[in-house]
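The values are calculated or read from the model by the stated rules, or taken from the named source; none is laboratory data. None of the values given here were measured: they were computed from a predicted structure. Cβ coordinates were reconstructed from backbone atoms using ideal geometry, including for glycine residues, and neighbour counts include every protein chain displayed.
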Amino acid sequence: MAKITMREAISQALWEEMERDENVFILGEEVGVWGGSYAVTKGFYDHFGEKRVRDTPISEAAIIGAAIGAALTGLRPVAEMMTINFAFSAFDHIVNETAKLHYMFGGQFKVPLVIRAPGGGGRQLAATHSQTPDAIFAHFPGLKVVAPGTPEDAKGLLKAAIRTDDPVLYIENATIYQLRGEVPDGDYTIPIGKSKIYRPGKHATLVTYSKMVDFSNKAADQLAQDGIEVEIVDLRSLRPLDMGPVIESFKKTNRAVIVEEGWQSFGVGAEVAARIYEEAFDYADAPVKRVAQKEVPLPYNRNLEQMALPQVADIVKAVKEVL
Amino acid sequence: MAEIVSMPKLGFDMAEGTLVRWVVAEGETIAKSSVLAEIETDKATVEVESAYEGVVLRHLVKEGDIVPINTPIAVIGAAGEAVPADLQAGAPIETPKVMSEPVVKAAESKPAPTVEGTQAPHDVFVQPTEEEALMPEGVRVSPLARKIARERGIDLRRIKGSGPNGRIIKADIEAYREEAPTAEVKAAAAVFQPALEPAREDQIVPLSRLRAAIGRRMAEVKQQVPHFYVTHEYDMAALMTLRKQVNQYIPEAEKISVNDFIVKAAALTLRVFPNLNASFDGANHQVVRHGAINVGVAVGVENGLLTVVCRDADRKPLRQIAVELKAMAARAQDGKVRPDDIEGSTFSTSNLGMFDVEHFIAIINPPEAAILAVGSVKEVPVVVNGEVKAGLHMRATLSVDHRVSDGVEAAKYLQELAKFLEEPLRLLV
């Protein structure tokens, strides 16, 4: 087991899949000569050449449109959105074409397309470049949405995303590229649509994903000093959403806090809470609580920005409120 | 933030109460869970406890007023806090209104049921569900706590909640122990009574929660489910012999009872008749045929009965059925029944054979489709080839929901059951 960063995990997955399958190729803004805005594809251009690592014009709609065409004709494109905020420019192609073509043509076509998109706030990039709009994309049937929170899952889920014949939106969080974690040696995949118990506990269940897994774990460390053992469930995939471990954990702890970086209204927490009430109502011993971003366009000011984003202390407070 | 105390609902049929006395006057402070007022219902005078602490800012009704349930009766808040404008004395209160006039007036003010045509009876004859009866208005309780209370037959009104806003949570239910029933009655029984004393006085025995729940449920089922009954007599000689033989090899604690054989036989027969291993789902115009065969066994407990459940009885060996049912019955009788013990049956049996009962019929355990009532195994004269011989017979009666099944199917079920009871080796292979 090697201990590597999220960035290295994503990079390794891409590199290994491109070595494995010559149909896999990358396209996006500055992914080639420059090596990617977050240096994920550094060295790829020199090794794989310009045919398989393609720099594109600054047009997200063109990137996704080209990727859809390539996928329909048998290639396995990995399209990079410089940030998920720019994916809005390609929204129609993503939710109306990518997610639906397989269905609308009666299964005659497959769209084995992966869209990588880093999101998240906290780097003073202001309101339009700091969003976590994961829930919006997870709303659309036909599009798988994954958002790993550990290097192991980042590598395994990206490999699974590239190998599946369904379109996958692979959401990264730009502030955890340096997060380190153990990664299994050799080739492996993590199944899409499987949640897992990230940390066992018995007093309350923290349901979370992506960057907030790390935050939840830090909160759990603090709570452990007070003798409170929380169980953390990492959703890993938002669609399909695997509620199995969540319900199993909730039936044990009878209390849940859902932590996400995006806004609370109509968010991941709303969906998970509703499912808990639908599937395990009789096991609730306290109302389910949500920790999420304050309902404002994210401020540029550093202090205000940090206040608006969910913090470890917010998670600790929420857990104490449900106990 | 001022909090409103409302007229509580103390029992599912309570519609209004008389405020007899204010215990805490306006301007006085009150602690959480201490008595704010006394109210009188049709049945008793009851103390109303405050769910909040603070100062009683305002009495919204006068002593002697008759007040519908859920109507605000007082405002509690911080000292000096203003009473919300809509609750100021004289300001009209949102429905339901406070009534200081006689009850008759209230009845008149409502539209007469007949005027509304077909809709009115609906409102009038609403059957309270068990949950509603157990959860009086104004009591906050977590879903988990409510579920546990329902399973254990605990009256939530007797429990003080320790959660936010006085919500009853699981820990409160677990900390609660039912008070020992009527020590007085026990003491009285011990007193020697001379033979010629006048007849003893009537005793009033309040219904226990379990007794009340059974009564309500059975009345509802017997009234609403069209039962029919089919009886069959079984030759039990082979089974009784087999039982004696197998029990020789089994330790005392695991010995197989006649009823264990019947549970297994009933379950195996249900495999052939999935329509009787079913629930009637009237709301959706459908019958749910259950995949698992979970046989309920009625167990007599103090003040009532519980149905313990042998899961997958068709797939378990007899010895396992015996051990499981014995353990569950013991827990039921000790009042330590677990939720799993009494949940999820798909078909039930009731056996009064040990009390020398020849034959009886049982009421269906809702929402199941059928229940088997089993009598004693008795030595009876039997005619075999024109000669009278001694035989061991037992009668069993299947009660069936006619919305789900018909007489022919019930009869065929009992006939198929004979294959297992009369050739009991089938139960071992």
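Details
- Among all residues of the stretch A:223-231, there is at least one that is of a type outside the set (Asp, Glu), in a strand (DSSP E or B) and either more than 14 Å from every other protein chain (Cβ to nearest Cβ) or crowded, with 21+ Cβ neighbours inside 10 Å (or both).
- Candidates A:Ile192, A:Ile136: the one that is surrounded by fewer than 24 Cβ atoms within 10 Å (Cβ to Cβ), of a type in the set (A, V, I, L, M) and within 14 Å of A:Pro240 (Cβ to Cβ) is A:Ile192.
Residue-wise test of (1) among the aromatic types (Phe, Trp, Tyr); (2) in contact with a Gly (Cβ under 9 Å, 6 or more places away or on another chain); (3) closer than 18 Å to B:Val221 by Cα.
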position: B:Phe360; (1), (2), (3): yes, yes, yes
position: B:Ile364; (1), (2), (3): no, no, yes
position: B:Ala390; (1), (2), (3): no, no, no
position: B:Glu423; (1), (2), (3): no, no, no
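- Residues satisfying the stated conditions in the stretch A:242-266, i.e. in a strand (DSSP E or B), of a type outside the set (Gly, Ala, Ser) and in contact with a Phe, Trp or Tyr (Cβ under 8 Å, 6 or more places away or on another chain): A:Val259, A:Glu260
- The lone exception for A:Ala70 - which of (1) in a helix (DSSP H, G or I); (2) among the hydrophobic types (A, V, I, L, M, F, W, C); (3) in contact with a Leu (Cβ under 7 Å, 6 or more places away or on another chain) it fails: (3)
- Any hit, the stretch B:366-381, residues being of a type outside the set (Val, Ile, Thr) and part of a helix (DSSP H, G or I): no
- Pick from the stretch A:251-270, criterion surrounded by fewer than 21 Cβ atoms within 10 Å (Cβ to Cβ) and of a type in the set (D, E, K, R), ranking: farthest from the other protein chains (Cβ to nearest Cβ): A:Lys252
- Scope the stretch A:257-285; condition touching a residue at least 24 places away in the same chain (Cβ under 8 Å) and charged (D, E, K, R); matching residues: A:Glu260, A:Glu261, A:Glu271, A:Arg275, A:Glu279, A:Asp285
- Counting only residues that are over 20 Å from A:Lys320 (Cα atoms) and away from chain B (no Cβ under 14 Å), the stretch A:271-301 holds 10 of them.
- Index of the failed condition, B:Asp406 passing every other in (1) under 25 Å from B:Leu242 (Cα atoms); (2) modelled with pLDDT of 95 or more: (1)
- Residue in the stretch B:204-220 that is part of a helix (DSSP H, G or I), over 29 Å from B:Ala327 (Cα atoms), away from every other protein chain (no Cβ under 14 Å) and at pLDDT 90 or above present: yes
- Residue within the stretch A:53-66 that is part of a helix (DSSP H, G or I), surrounded by 15 or more Cβ atoms within 10 Å (Cβ to Cβ) and without any contact (Cβ under 8 Å) to a residue 24 or more places away in the chain present: yes
- Within this structure, B:Val380 fails the test of being free of Cβ contacts under 8 Å to residues at least 12 places away in the same chain and either among the small types (Gly, Ala, Ser) or surrounded by fewer than 16 Cβ atoms within 10 Å (Cβ to Cβ) (or both).
- Considering the stretch B:265-296, and only residues there that are closer than 11 Å to B:Ala313 by Cα, of a type in the set (A, V, I, L, M, F, W, C) and not in a helix (DSSP H, G or I), the residue that is nearest to the chain's Cα centre (by Cα) turns out to be B:Val295.
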